[in-house]
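Enquirer: So that we are looking at the same thing, I have put the structure below in structure tokens.
Read the figures in this text as sums done on the coordinates, not as results from a lab. Everything quoted here is computed from the prediction, not taken from an experiment. Positions of Cβ are backbone-derived with ideal geometry, glycine not excepted, and every protein chain shown enters the neighbour counts.
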Amino acid sequence: MQDNYNLRAKIDIRRQIIEELKSALSIDRINVLEFCTGEERKIYHALYEIENTISLDRKPIPGALRFEALKYIKQKGLDGINYFDIDTYGTPYIIALNVMKNAKPGTYGMALTDGAFSTSSTGSAQGKEKILRLAINNRRGIPIPGLIRFRRYIAMKTLQLVAKTSKVTITQCKYCYIPRMSYIGIIFKKS
């Protein structure tokens with residue numbers, strides 16, 4: 001799969017959420033936790049250099065901490081972070097679930113890249129990603145031909161499940177689909 005398949009769309013949706021979060025919180029700079037920064041750090045250079053940013057990747061990348069996303073959340077916590085960028089090669093929902101569960105009360109922004117439908121015409125909702133299967137009530141992972149046509153619905157249902165499980169409220173949501181990728185930006189509140 002090509003990283004940053006449509007860089008412009010990916011940056012645009014993130015920029016919108018960043019501006020809306022800054023407005024909602026009445027702040028000039030956000031505190032970013034960028035999961036899966038990528039070798040060239042294109043999103044970081046386009047958006048996050050001017051923000052307070054912690055970048056992570058499981059591979060050694062100059063300027064980023066070498067960490068698996070879930071291990072970082074467990075070991076370091078999320079104190080002081082108000083914006084999360086989850087740019088995985090597959091589905092971002094397990095990381096999103098852990099972020100939302102571990103967030104303290106407040107308002108947060110989150111950008112997600114969902115590549116669930118990047119490798120097959122039926123999508124991974126029938127495969128190993130249990131949270132996607134739960135969202136569409138396909139617990140057994142039965143193959144569903146043409147599932148890709150419902151990618152937006154599946155993404156939104158999965159986010160609803162993640163939010164409900166984490167006891168957060170999604171107050172804003174932006175969605176952009178380009179072939180093989182979905183880019184999602186949300187603002188969420190935790191009481």
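Enquirer: Apply the Karplus parameterisation 6.51 cos²θ - 1.76 cosθ + 1.60, with θ equal to phi minus 60°, to every residue of region 157-172 and state each ³J(HN,Hα) to the nearest whole Hz, in sequence, with x for glycine and proline.
Expert: These are the phi-based 3J(HN,Hα) values: 5, 5, 4, 4, 5, 4, 5, 4, 4, 8, 6, 10, 10, 7, 9, 9 Hz.
Enquirer: Using alpha-carbon positions, what is the distance between the centroids of region 3-58 and region 78-104, in Å?
Expert: 13
Enquirer: Just one of (i) 69, 15, 14; (ii) 25, 19, 16; (iii) 29, 20, 17 is semi-axes √(5λ) of the Cα gyration tensor in Å calculated from these coordinates, so which is it?
Expert: (ii)
Enquirer: Between Q172 and Q75, what FRET efficiency comes out of the Förster formula 1/(1 + (r/R0)^6) with R0 = 45 Å and r the beta carbon distance, rounded to 0.05?
Expert: Rounded to the nearest 0.05, the efficiency is 0.90.
Enquirer: Of I187, V168, N82, which is farthest towards the positive pole of the chain's charge dipole, taken about the Cα centre with +1 and -1 on the beta-carbons of Lys, Arg and Asp, Glu respectively?
Expert: Checked the options; the winner is V168.
Enquirer: Projected onto the charge dipole of region 30-124 (+1 at Lys/Arg Cβ, -1 at Asp/Glu Cβ, origin at the Cα centre), which of V32, G115, A103 gives the Cα projection farthest towards the positive end?
Expert: Comparing the listed Cα positions along the dipole, A103 ranks first.
Enquirer: When ranked by the protection proxy of mean other Cβ atoms within 10 Å per residue, highest first, what sequence do the peptides 181-191, 87-97, 167-177 form?
Expert: Packing order, densest peptide first, comes out as 87-97, 181-191, 167-177.
Enquirer: While we're here: Explain nothing, just the number: dipole magnitude of region 140-189 about its Cα centre with +1 on each Lys and Arg Cβ and -1 on each Asp and Glu Cβ, in debye rounded to the nearest 20.
Expert: 60
Enquirer: Output the pairs from K74/K190; K59/K157; K59/K167 with a Cα-Cα distance over 29 Å in this structure; if there are none, say none.
Expert: K59/K157; K59/K167
Enquirer: Going by alpha carbons, how many degrees (0 to 90, nearest 10) lie between the helix axis of 93-102 and the longest principal axis of the chain?
Expert: Between helix and principal axis, roughly 50 degrees.
Enquirer: Here's a follow-up. If the only charges are +1 at each Lys and Arg Cβ and -1 at each Asp and Glu Cβ, what is the size of the charge dipole of the chain around the Cα centre, to the nearest 20 debye?
Expert: 900
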